[in-house]
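Everything on this sheet refers to the single structure shown next.
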Amino acid sequence: MKLRMYAAHAARLAIVAALAWLVHAEHRAYLARQTGADLAALSIGRIRRHLPDAAAIGGDSGAVAGGRDVLADSGERVGTIFKTSPAGDAAIGFSGPTDLLVVCDRDLRVAGIEILSSRDTRDHVAAIERDTRYLTAFRGKSLDDLEALAAGSVDAVAGSTLTCHAIAESLSLRLGGSAAGSRFAAAPTLDDLKRIFPEAVAIEPDAGDPAVIRVQAAERVPLGWALRTSPAADRVIGYQGPTDAVIGFDPTGKVAGVAVLATFDNEPYVGYVRDDRAFRRIYRGMTIEELTGIDPTATGIEGVSGATMTSQAVAEGIVRAARAQARAPAAVGRSWLASLARDLDGPRLGALGLVAIGIVTAFTRLRGTWFGRLALPLAVLAYLGFGAGALLSQAQVWGWAQAGVPRGAIVLAALAAAAVALPATTRKNVYCSHLCAHGAAQQLLVRLVKPKRSVPAWLRPWLVALPWALLALAILTAVFHLPLNIVDLEPFDAYLPTVAGVAALVIFAAGLVASAFYPMAYCRHACPTGALLDHLRLNSRSDRFTWRDGAMLACLTAAALAHWWPR
């Protein structure tokens with residue numbers, strides 16, 4: 001019997017997990033379709049310049065997300081088109097990104113590339129359009145070739161190097177590449193590192209990280225290591241381009257100095273920065289963790305005289321390189337702890353401590369004492385509710401399913417983990433009973449006014465269905481991108497009055513008024529988030545298939561059809 005119960009409950013959890021995955025997958029496909037919609041408006045004559053057999057733009061491409069098929073007069077697919085924006089917009093040239101139209105033949109090899117639009121400097125873009133050799137150099141390349149492109153892998157147009165590099169990067173980013181290659185062809189030399197380590201006789205790039213350079217004295221004695229700011233800082237523009245630099249670290253892990261290397265910026269300005277001793281020494285004694293946490297504009301100087309923009313760009317590049325290094329696989333443990341330490345400020349620590357106290361209270365006799373009945377709800381209402389606005393909601397659940405968990409949402413992530421894991425494994429819905437601020441408000445209201453009325457019999461079937469109807473509406477809105485703001489289905493935004501909408505405030509007030517007559521009215525009869533969490537709770541009837549399971553299966557079926565039904 002228990003085995004059947006656990007198996008049925010595992011299937012119930014799997015349905016919800018599959019639903020979350022489909023919401024995520026369909027959201028990505030939706031964004032790709034939005035991109036593809038722009039392609040449908042293109043002139044077929046523009047495509048025919050690269051594919052002479054092109055007669056019409058067809059439906060969504062099965063080979064390139066967000067792309068469209070190109071059809072001949074016979075209806076046969078003769079090619080595929082796609083554009084690089086918005087996925088490639090992170091590649092900044094001289095002053096902005098460039099959106100490209102990529103036309104592929106039936107074998108998915110590039111037949112031609114055109115510039116659709118650009119926010120880069122007009123003259124640099126015009127130079128590339130006049131000198132067609134750069135764009136025609138991509139012809140014949142496969143999609144895999146484009147994904148693996150490095151910034152300088154195709155010879156740039158003279159005077160438009162940054163824009164050309166950004167074009168290559170945008171192609172790589174659009175197809176899922178990292179575009180992490182350096183824009184600077186020349187690697188740091190021994191002479192460069194001697195500016196920081198005068199006793200250096202040899203340097204050796206790290207085998208696992210090309211941005212790290214090991215520095216050695218005579219007889220291979222380690223002197224320390226250096227971190228190159230490129231490619232992490234290649235998009236940091238000074239007066240008119242990025243600058244490469246290295247940060248030297250001694251054997252104790254502290255900064256020994258900085259050397260400014262090659263540049264696309266105005267060379268006289270960069271020369272001022274190279275020669276400024278105060279600028280080069282300002283980071284001395286810092287660890288890489290300290291570098292990741294500083295504000296580049298608050299390093300104690302406004303900038304090198306005569307080269308303010310350039311020096312500030314180098315300063316920002318140093319911080320970006322340190323942060324990129326802290327996120328590197330070789331430093332995962334260190335970076336995770338450093339990131340956590342930065343994010344865990346006093347208020348967040350207090351909120352996490354309150355979450356832990358709530359969990360302990362739920363599993364001990366404290367829940368029946370004055371602490372569990374009065375002190376804890378007051379603290380949750382004040383601190384997690386009106387203080388932090390930390391309440392789980394349908395907008396958050398399905399928003400995270402669509403786009404992922406945002407960095408820094410430590411308190412909400414902890415609440416979500418407790419809300420899902422504890423009911424599914426311990427039979428206790430700890431979040432709803434001890435950690436929800438709106439639940440705490442109703443608990444306190446019950447103690448204050450002592451409502452004793454019961455819901456009229458004729459209304460009960462409607463109230464049983466209401467939270468599930470709202471839950472289904474939230475799920476379908478996330479799946480089909482309906483013109484509805486999910487946050488308007490619940491009152492939780494009211495705990496942040498400065499951002500709350502009218503709907504949230506109305507539901508907040510109505511829920512509390514109802515709870516003054518019917519105990520815990522909103523939690524019992526109108527909360528879709530509570531309904532979902534209770535659905536995930538392991539209980540003695542978990543082996544039974546109910547109409548609630550049918551509702552979740554219907555939502556899962558709708559999500560699957562939305563994602564896989566041919567368009």
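Quick notes on this one:
- Unit charges at the beta carbon, dipole of the chain: most positive-side option, A126, V273, A526: A526
- Nearest 10 degrees, 0 to 90: helix 547-564 Cα axis against the chain principal axis: 20
- Gap separating the Cα centres of segment 499-567 and segment 444-491, nearest whole Å: 7
- Selection from V360, T229, G399 lying farthest towards where the dipole of the chain points positive, charges on Cβ: V360
- Annotation for segment 51-141: GluC sites (Glu not before Pro) lying in DSSP loop with at most 16 further Cβ atoms inside 10 Å of their Cβ are E76.
- Most positive-pole-ward Cα, P483, S540, G501, against dipole of segment 473-558 from beta carbon charges: S540
- If you take the alpha carbon atoms of segment 46-174 and fit the smallest convex hull around them, that volume is 90 Å³ per residue.
- Neighbour cut-off at most 12 other Cβ (10 Å), DSSP loop, trypsin sites (Lys or Arg not before Pro), segment 85-130: none
- In degrees, nearest ten, helix 346-362 long axis to first principal axis of the chain (Cα): 30
- Computed [θ] at 222 nm, deg cm²/dmol, the chain (DSSP H ≥ 4; -39,500 (n - 2.57); rounded to nearest 500): -14500 deg cm²/dmol
- Length-normalised contact order for segment 347-564 - Cα pairs under 8 Å, 6+ apart - percent: 26
- Calculated SAXS-style log₁₀ I(q)/I(0) at q = 0.06, 0.12 Å⁻¹ - the chain, Debye, Cα scatterers: -0.45, -1.18
- Here is the result for segment 445-539: no chymotrypsin sites (Phe, Trp or Tyr not before Pro) lie in DSSP coil with at most 11 other C-beta atoms within 10 angstrom of their C-beta.
- Residues whose amide H comes within less than 5 Å of that of A262, counting only those at least five positions distant or on another chain, are D244 (H built at 1.01 Å from N in the peptide plane).
- Within segment 482-567, the ratio Rg/Rh, alpha carbon atoms throughout and Rh by Kirkwood, equals 1.08.
- Per principal axis, descending, Cα span of segment 347-564 in whole Å: 53, 47, 40
- With contacts taken as Cα pairs under 8 Å at a separation of at least 6 residues, the chain carries a relative contact order of 11 percent.
- Within the straight-line cut-off of under 30 Å between alpha carbons, the lysines reachable from K2 are K428, sequence neighbours fewer than 8 places apart in one chain being disregarded.
- Largest-first principal axis extents of the Cα set of segment 394-490 (Å): 43, 29, 25
- In sequence order, calculated HN-Hα J values of segment 20-25 (Karplus, 6.51, -1.76, 1.60; Hz; x Gly/Pro): 4, 5, 5, 4, 5, 5
- Acute angle (nearest 10 degrees) that the helix 502-517 long axis makes with the longest principal axis of the chain, alpha-carbon atoms: 30
- Spherically averaged projected area in nm², based on the convex hull that wraps the Cα atoms of segment 446-512: 6.1
- About its Cα centre, the dipole of segment 46-174 is roughly 220 debye, where the only charges are +1 on Lys and Arg Cβ and -1 on Asp and Glu Cβ.
- Net charge dipole size for the chain [Lys, Arg +1 and Asp, Glu -1 on Cβ; Debye, nearest 20]: 3080
The numbers here are math on the coordinates, done by the rules we state, and not lab data. These numbers come from a predicted model, not from an experiment. In this analysis, Cβ positions are derived from the backbone assuming ideal geometry, glycine residues included, and neighbour counts consider all displayed protein chains.
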